[in-house]
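Remarks on the structure that follows.
The values are calculated or read from the model by the stated rules, or taken from the named source; none is laboratory data. All values reported here derive from a predicted model rather than from experimental measurement. Cβ coordinates were reconstructed from backbone atoms using ideal geometry, including for glycine residues, and neighbour counts include every protein chain displayed. These accessible areas exclude ligands, DNA and RNA; they are computed on the full protein's heavy atoms, side chains included. Shrake-Rupley method; radii C 1.70, N 1.55, O 1.52, S 1.80 Å.
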Amino acid sequence: MVQNSKSSRMTRRGFTAALALTAGSAKLMAQDANTGSHGEPQEVPPFRETPAFTRKETPIKVQPFPMTAVRLSPGPFHDAQEWNRGVLHRLPVDRLVHNFRVNAGLSSSADPLGGWEKPDCELRGHFTGHFLSACGLMYASTGDQAIKAKGDAIVSDLAKCQARLAGGYLSAFPLEFFDRLNARKQVWAPFYTIHKIMAGMLDMYRHCGNRQALEVLQGMANWTGKWSAPISADHMQDILNTEYGGMNEVLYNLAAVTGEDQYARTGDRFTKNRFFNPLALRRDELRGLHVNTHIPQVIGAARRYELSSDVRFHDVADYFWYEVTSARSYVTGGTSNNEAWLMEPRRMAAELKRHVNTAECCCAYNMLKLTRRLYGWTADPRYFDYYERTLLNHRLGAIHPETGATIYYLSLAPGAWKTFNTDYDSFWCCTGTGVEEFSKLNDSIYFHDSEGLYVNLFIPSELEWSEKGIKIRQETRFPDEQSTTIAVNAREPLRMAMHLRVPQWLTSGGSVKVNGKTIEAFPSPGSYLTIYRMWSDGDRVEMQLPMQLHTEAMPDDPSMQAILYGPLVLAGNLGAQGLTEPTIVGPMGPDLKDHPMDVPGLRASGKNLDAWIKPAAGEALTFRTTGQMPDLTLTPFNRIFGQRYSIYWNVS
Ligand SMILES: [Zn+2]
């Protein structure tokens, strides 16, 4: 027992050293093996017992600005934010708290919500947690007092429910669900739901300063600590086979905001060794796993590394991100197939053929959360190549113009179409992450270190960096316009570095002018152009971002290609054949069995695209093929709604 707990505290470096020792002994053993007396050395898994948290924060290289410091200006991101803001305004508080009140024995005459918030759904309450996060984030993004008031009202009501339930427990379902979880009997995902409510409380505290939300959260964390304390490490590992969202992450975050390590120690009980071990050893054993069960656990690992400097957790997050983005993602940045990873890595063509329901939206949401955290460790601009691609192609086009409804599966199957949630009868996981996502579109455009500013995304917006007495206004109609302008408003001249991301897709023609004068050197794609100078009020930086047509082939089938223009994935518009309101609003994904479609291949070279893909007259970013049977219109995937499409083509 003592030996085990010592080794469970072993860091990744310690583990490597142990491996080196074992390797040394291995030689000896190999010699012995030659004489036939010993076998191969046993590998020591990095995670065995529950890890033991000790606080030792790791320095973060670059930080995002507070969300209150960045405001979106008019443009497609601002539109998406406003459609989502409408959703937040429309959903009534009494319906969102109804199941909680009933569970706590308090009166409620509200009309219950439907879908995954139905009074008999085992996930009930999860969306209310997401909604609280969305209120906090939207208030930070826009200063909308009515949204804050709505979040405050929910917190106040849920606090009453918590007091009534006693012991810190707060949920819209009874404790009996946790008895079933503990007995390993059938139950959906109680801790997954609890995580959403805890994260919502944390967001209401962080972004709206709601102290009551922090108290409710601490009560829930204390309850979780008490519930899990008597459970043996082995049995807890079994319990962790049931989806639990980011319980580890929210408990680490609570430890960070309160300075109380007990919460991190409770968070450590949510370390799923079986999942983390291969990742820490840089092995892809993801096949067969449910995707969105696991991404939040990795965000928790990243947070654990930041608070403790335990490099085992660093390696889990670092390798997972690399593997998912390079070997398990489609051209849109989306990952998952029928919610899982069904194939071995880099078998994406085979993966796509397995199922229509690709790329679950909450997976993309969580991958973006993970990406911006990992970016903070290194300031490596390649993280933002992935971030931009996923944001533009998977997320931005996943909110319905005007209604603000969002998508569950963003299908990439040929002939698919986008499907959206209903107003009151869906409340899927992705509806929850959807209301969060479109409340925080301003959170990753700019980062900073003590020396300077990092401009990572080309989104019209204003940044106020009060410590430096400087305001930045990014003026652009990107991607309709292939450039951006940064206007500086400085109280006094300021010496500062400005790092402009030179995206990976910017293969030729990029340039930067400061106050009309061209900077001679322009770095290679996938890096930063750094301008270090004394900035004065009225300075203007103009960056040209010319786009080119290019293709991206599936790693396991070179003839299966997607067409892109700069960072934008282009979709072939196949028309609205067979589509009606019920096929678009309500289903979690397109039903291609009931509405099949033959999608043409393209008979052309994927190399010389300009020869057969021509800009369409009068419409920005829209193209028309020539010489195909039939010819097609190609349009950015994020702008296609109510039409069937194809993303991957068989290019001969
Ligand atoms: Zn989902």
Of all residues in region 597-611, how many are open to solvent by 90 Å² or more (accessible area, probe 1.4 Å) and assigned to a helix (DSSP H, G or I)?
-> 1
Strands (runs of 3 or more DSSP E) wholly inside region 394-496 that include at least 3 residues being touching a Pro at 6+ places or on another chain (Cβ under 6 Å) and within 16 Å of the ligand (Cβ to nearest atom) = none
Out of all the residues in region 181-211, which are within 21 Å of Ala264 (Cα to Cα), out of contact with any Gly (no Cβ under 7 Å at 6 or more places or on another chain) and open to solvent by 10 Å² or more (accessible area, probe 1.4 Å)?
-> Tyr205, Arg211
Restricting to region 563-622, what's the tally of residues that are within 29 Å of the chain's Cα centre (by Cα) and polar (S, T, N, Q)?
-> 3
Scope region 513-537; condition hydroxyl-bearing (Ser, Thr, Tyr) and surrounded by 15 or more Cβ atoms within 10 Å (Cβ to Cβ); matching residues = Ser527, Tyr528
Since Lys160 meets every condition but one in (1) without any contact (Cβ under 8 Å) to a residue 24 or more places away in the chain; (2) open to solvent by 50 Å² or more (accessible area, probe 1.4 Å), which condition does it not meet?
-> (1)
Those residues that are more than 16 Å from the ligand (Cβ to nearest atom), touching a Phe, Trp or Tyr at 6+ places or on another chain (Cβ under 8 Å) and assigned to a loop (DSSP other than H, G, I, E, B), I need them from region 326-349; list them, please.
-> Arg328, Val331
Please work out if Val216 is open to solvent by 40 Å² or more (accessible area, probe 1.4 Å) and within 30 Å of Lys440 (Cα to Cα).
-> no
Just give me the residues in region 510-549 being in a loop (DSSP other than H, G, I, E, B) and farther than 27 Å from Phe623 by Cα, in sequence order.
-> Asn515, Gly516, Ile519, Glu520, Ala521, Phe522, Pro523, Ser524, Ser536, Asp537, Gly538, Asp539
Among (1) open to solvent by less than 20 Å² (accessible area, probe 1.4 Å); (2) away from the ligand (no atom under 14 Å from the Cβ); (3) within 24 Å of Thr193 (Cβ to Cβ); (4) of a type in the set (Ser, Thr, Tyr) - the single one Tyr365 does not satisfy = (2)
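Being open to solvent by less than 10 Å² (accessible area, probe 1.4 Å) and out of contact with any Asp or Glu (no Cβ under 9 Å at 6 or more places or on another chain) is the requirement here; does Gly434 meet it?
yes
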Given the conditions (1) among the basic types (Lys, Arg); (2) surrounded by 23 or more Cβ atoms within 10 Å (Cβ to Cβ); (3) more than 16 Å from the ligand (Cβ to nearest atom), and given that Lys353 satisfies all but one, which numbered condition is not satisfied?
-> (2)
Limited to region 230-254, what total is found for residues that are surrounded by 24 or more Cβ atoms within 10 Å (Cβ to Cβ) and touching a Phe, Trp or Tyr at 6+ places or on another chain (Cβ under 8 Å)?
-> 6
